[in-house]
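The next block holds one structure in the form of structure tokens; read it before the comments.
The values are calculated or read from the model by the stated rules, or taken from the named source; none is laboratory data. Source: prediction; values computed, not measured. Cβ sites come from the backbone with ideal geometry, for glycine too, and all protein chains shown count toward neighbours.
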Amino acid sequence: MTLLRTEGLKLRFGGVVALDDVSISIDEGEIVGLLGPNGAGKTTLFNVISGLLKPESGRIELGGRNITRALPYERALAGLGRTFQHIKLFGSHTVEENLLAAQHRHLSSSTLAAMLRLPSWRRDEVEARRRVDAVLELINLERYRHHRPAELSYGTLRFVELAAVLSLQPRLLLLDEPASGIAQREAEALGPLLREIRDVLGCTIFLIEHDMPLLLSVSERVYALDFGQVIAEGEPDEVTADDRVLSSYLGRTRRDDVAAR
Amino acid sequence: MNTKVMAVKPAKPAKPELPIPGRLPPANGTTILAAITLGLIAIGPLFLGDFASFVGARIAVTAIVGLSIVVVTGYTGQLSLMPYTFVGLGVFVAAHAITSWDWPFWFAAMLAAALSVPLSLLVGLVSVRLRGFYFAIATLTFASAMGATLFSWDFFTGGQKGLQVDRPVLGPIDLTSDRAFYLLTLVTVLALVWMVMGLRESRIGRAMTSVRENEIAAATMGVNVMKTKLVAFVVSGMIATVGGVFQGMLLQQVTRTPYQTPFVETLGVTLVILVVVGGMRSAWGPFIGAALIYVQLEVFRTALFLQYFIAAITAAAFIFVLLKLPGGVAGLIKHEAAQVRAAPLKNGIRVAIIILANVAVFYLIWELSQ
Amino acid sequence: MPTSVVLQIALIGLAKSGIIAMLAIGVVLIYRTTGVVNLAHWAIGLVGVVTYVLLTGETGVPPLLAAAAGVAVSVLAGALAQRVVFSRIGKGEAVTMILIALGVGAFFAAVAQMLLRGQRGEILVAPFLPGETIDLMGTVISASELITILIAVGSAAVLLPWLKRSRSGRALRAVAQNREAAQLAGIDSARYAELAWMIGSGLAGLALLLLIPHSAGAQGGVLSVVHLVPLGSLLLPAFGAALVGGLISLPAALAGSLIFGLVQELLILAPAPISDERDILAFVAITVLLLLRTERFFASNAELEALRS
């Protein structure tokens, strides 16, 4: 079953074409990679899918529902979770509070219930903390529960951000360079972890990643983007062998740089 | 599908001690001692006489109004410059409802809170789209507009003479004396602190703090930013209005002047300052800030020069807190308490010396001013 | 309505516009160079006024000299605020920035009241402008209003070309456009930020000094110490005027000053519901300006980025 479908997304910044007729489709339970050189429009596509940018034309569907005009928070409530290239965690919150803050999708107690501490509020809070326990155990962050972001290393923060967006329990998870800035050993552990997340939580994953070995090993299918256009789509091996994909990298980076990848 | 998720990977069985907020921490020696000390300080004014009780009531009332700033500024990160507009609404609704119509005070408080909702919705719907100083200037503009309309209407404010507000009598219990009224305000402010603490530890409260930290990240986590700001503004307005009802009963004779020119009349600014110094991200902050400042102001009430000196020092302290100590005094106390718990002897003595030194300086200034 | 009455009202309005304009220029200059929305503007002017009051009241310094000293003290206060407080704020939350501006304002207001030694009630203030009235072809106008208008026009006439042409003025504008780029071009942006604060604060002091009641002539006017209402009441219109230019454009801020002074005053002549609710109309106008986010009309995207960063 198709979970995410975009049709003909188009967006320009001034005269620059950022997205040009981007149509992609992701099935439920897939792990799909998005590759392309810098400035190809990868993050722009994520921003359009998550609603931070408005496309000039085109259509976005999530789980069969048209969300083209939905606001970012409405998409989150519909089950869309995302991380950012530059980590956006709530600085004055502890790890636990960051994870609790991401659970709006599942909680419903009212302002009055909270102020009077009615049973509905209590049920919500207990449930929210159970979910935090489960996610912290899955990502193995239990020992950082009461730390604040400023006290943690950048690599750990990547995992905290992942944990936060997982406690939203998204149906579709958009990961923008989850391995950037983390140590090699942690990056190697990320692949199996992403698969485990998919298997255990059943969420579909769409990721941008510059670490090619990681991207190619974890993805079951890959889209390649250049100048805002989808230039190739298919199994990782096929796409990396595609002439246009190779030349898109060669056009902008040195040959040995690509060879090294 | 989401229900299935938990089924696939069942959460750990509930721990015997789930960290549920609102549950009292297990009582040990230190907490019992602290509770007894605070309790004694709280009922202290009752033994010190009517004037001390009046000051205590003033602190409690200011803390109620300050809680409104905690919700909208401390939690949600929006600076409202119109808290005293809501206070004024409460004051004059109290004057009409309690004195003219003979309503019980709690009924008047509910009416005032209800009346604040249309006002805060009107202001909120216009200004929640604005951020930072645009929001602040918008609220300042509305405060001025209310000063030129609502608070200039003689039938509402009683003109130059002002209006009378009676203190309540609850059946056989007479709350008109300063001591009894102090107890009433103390109970009220404690109840409101408890409520605001509950709010903080809830879906809504976490939405508020996320909006304060980063609106975009909050939105991608499913927070409706506009609605959250609006809820914060409405809740804050209701609290400030209830504070106004008590302010009216505290003063008993009320005039419109403080509410007509909101910015120039530095009341609103003073309130923001004491909340920030006390700790605007903690529900106890306004209480601590109000106590710190009003005790000083009342002790030195005859020495006007000292009063303004205190005001200048407080403003400087306010800037310092904003730059270096975002948690305010409440945060400092929390931090020091943790230190004392970690090393009772060493840090306990240090903290005791600091407190004693402060008291000594305070006493010295008092002696000199007499 | 006789023309002379209209003229009289127009002159009162123009004088008000002038004072608003002087405040608004300071607000714009400070915002452009440092990104601070200066809610302390009023209080910084106030210390100048208090200096004037003290000097004329007790030491018998000639009023004009005392007024100059008052402006100097405001300049000093502004420089102090920038150097001690605002230069230390990094890229923080917007709310912290406004709160700090409020705190600086409260500090100077408290200092001003401390300097007055906590006198309550009303104090007599000697005027430094002549209190006479001039008969100008049947229109009776007060000399102080005329002088206020002249000073306001004069400061705008000096400041705008100076900003455009002189070396310092150009550097100041470069800092206003993009702090980092100016720094890279070898302009000491900290120094020019301070210069902007000094000019703005001096104008605030001058504006509030002109607000001292001169009407009572040689006997001096009466100033209410506790409320200082007449001195603070023009700050909001000044922000309104600055908002016309999105807090960025000086010419637009001057035009805004005309709206919030002259036009508002002339509305007295309008039919009943409008003339009674002039104040409310001003508030509505400010709210509309806030919602319009007028800065985008006056600044390029690059400038906006620089201002926000």
Exactly one condition in (1) surrounded by fewer than 22 Cβ atoms within 10 Å (Cβ to Cβ); (2) under 23 Å from the mean Cα position of the chain (by Cα); (3) more than 14 Å from chain B (Cβ to nearest Cβ) is not met by A:R158; state its number.
-> (1)
Which listed residue is away from chain B (no Cβ under 13 Å) and surrounded by fewer than 19 Cβ atoms within 10 Å (Cβ to Cβ), from C:I248, C:I274 | C:I274
Assess whether C:L11 counts as being touching a Pro at 6+ places or on another chain (Cβ under 9 Å) and in contact (Cβ under 8 Å) with a residue 24 or more places away in the chain.
-> no
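Before we move on, is A:L112 surrounded by fewer than 23 Cβ atoms within 10 Å (Cβ to Cβ), under 17 Å from the mean Cα position of the chain (by Cα) and either modelled with pLDDT of 90 or more or not assigned by TED's automatic domain parsing to the domain that holds A:V230 (or both)?
no
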Restricting the range B:304-328 to residues that are in contact with a Leu (Cβ under 7 Å, 6 or more places away or on another chain) and part of a helix (DSSP H, G or I), the residue that is farthest from the other protein chains (Cβ to nearest Cβ) | B:I310
Within the range B:326-350, track down each residue that is among the aliphatic types (A, V, I, L, M) and at pLDDT below 85.
-> B:A337, B:A338, B:V340, B:A342, B:A343, B:L345
Taking the range B:37-84 on its own, how many of its residues are under 30 Å from C:I100 (Cβ atoms) and surrounded by 24 or more Cβ atoms within 10 Å (Cβ to Cβ)?
-> 26
Is it true that A:D226 is more than 22 Å from A:E7 (Cβ to Cβ) and not hydrophobic (A, V, I, L, M, F, W, C)?
-> no
Matching residues, the range A:94-146, being closer than 27 Å to A:L193 by Cα, in a loop (DSSP other than H, G, I, E, B) and more than 7 Å from chain B (Cβ to nearest Cβ) = A:T94, A:Q103, A:N140, A:L141, A:R145, A:H146
For the range B:102-195, which fully contained helices (runs of 4 or more DSSP H) count at least 3 residues that are surrounded by 18 or more Cβ atoms within 10 Å (Cβ to Cβ) and either aliphatic (A, V, I, L, M) or modelled with pLDDT under 90 (or both)?
-> B:105-127, B:132-148
Give the residues of the range B:122-166 that are of a type in the set (A, V, I, L, M), over 22 Å from C:V95 (Cβ atoms) and at the interface with chain C (Cβ under 7 Å from one of its Cβ atoms), sorted by residue number.
-> B:A145, B:A148
Checking C:A79 against (1) within 14 Å of chain B (Cβ to nearest Cβ); (2) within 27 Å of C:P251 (Cα to Cα); (3) in contact with a Phe, Trp or Tyr (Cβ under 7 Å, 6 or more places away or on another chain), which single condition isn't satisfied?
-> (1)
Look through the range A:82-93, keep the residues that are touching a strand residue (DSSP E or B) at 6+ places or on another chain (Cβ under 7 Å) and more than 7 Å from every other protein chain (Cβ to nearest Cβ), and return whichever of them is surrounded by the fewest Cβ atoms within 10 Å (Cβ to Cβ).
-> A:Q85
Are any of the residues in the range C:9-16 closer than 26 Å to B:F318 by Cβ and in a helix (DSSP H, G or I)?
-> no
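Residues are listed down the side, and each one gets a yes or a no for (1) more than 14 Å from chain C (Cβ to nearest Cβ); (2) under 14 Å from the mean Cα position of the chain (by Cα):
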position: B:E215; (1), (2): no, no
position: B:M221; (1), (2): yes, no
position: B:T241; (1), (2): yes, yes
position: B:Q253; (1), (2): yes, no
position: B:T257; (1), (2): no, no
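Does any residue of the range C:199-217 turn out to be within 13 Å of C:I286 (Cβ to Cβ), assigned to a helix (DSSP H, G or I) and at pLDDT below 85?
no
Residue-wise test of (1) at pLDDT 90 or above; (2) not small (G, A, S).
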{"residue": "A:A187", "(1), (2)": "no, no"}
{"residue": "A:E196", "(1), (2)": "yes, yes"}
{"residue": "A:T204", "(1), (2)": "yes, yes"}
{"residue": "A:M212", "(1), (2)": "no, yes"}
{"residue": "A:E220", "(1), (2)": "yes, yes"}
{"residue": "A:A224", "(1), (2)": "yes, no"}
{"residue": "A:V239", "(1), (2)": "no, yes"}
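Residue-wise test of (1) outside the structural domain of A:L3 (by TED's automatic domain parsing); (2) in contact with a Phe, Trp or Tyr (Cβ under 7 Å, 6 or more places away or on another chain).
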| position | (1), (2) |
| --- | --- |
| A:Y144 | yes, no |
| A:G155 | yes, no |
| A:D176 | no, yes |
| A:Q184 | no, no |
| A:P192 | no, no |
| A:D199 | no, no |
| A:L207 | no, no |
Scanning the range A:50-66 for residues that are hydroxyl-bearing (S, T, Y) and surrounded by fewer than 16 Cβ atoms within 10 Å (Cβ to Cβ) gives A:S57
